[in-house]
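Asks: The structure follows.
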Amino acid sequence: MVAITKNTAAFAAPRARSNDTAARIFALPRQWAARLALRNRLADMDAHLLRDIGWEPTAARIEANKPFWQA
């Protein structure tokens with residue numbers, strides 16, 4: 001289960017130690033999948049639920065409409 005949060009770290013790509021390019025490449029699809037899941041959940045919520053978790057409906061709609069590769 002993915003927690004729905006307004007923490008911007010949830011949208012940022014994970015940081016690999018030093019310049020471990022292979023680790024970053026393999027982590028990227030997982031990050032994209034997490035963003036897509038979060039954005040799909042945001043899109044399915046009504047305004048009341050969004051406000052309960054600290055999201056403004058307009059901000060949630062903007063976030064939900066972003067492509068999965070965009071942080």
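The numbers here are math on the coordinates, done by the rules we state, and not lab data. Being a predicted model, the structure only gives us computed values, none of them experimental.
Asks: Which length gain, in nm to one decimal place, applies between Lys6 and Ala64 when the Cα-Cα distance is subtracted from 0.36 nm times their residue separation? Before the final figure, lay out each step's value.
Replies: Numbers: separation 58, 0.36 × 58 = 20.88 nm, distance 1.24 nm.
Computed gain between Lys6 and Ala64 is 19.6 nm.
Asks: A further question follows. Would you mind listing how long region 21-71 runs along its three principal axes, going by Cα atoms, in whole Å with the largest first?
Replies: 42, 16, 15
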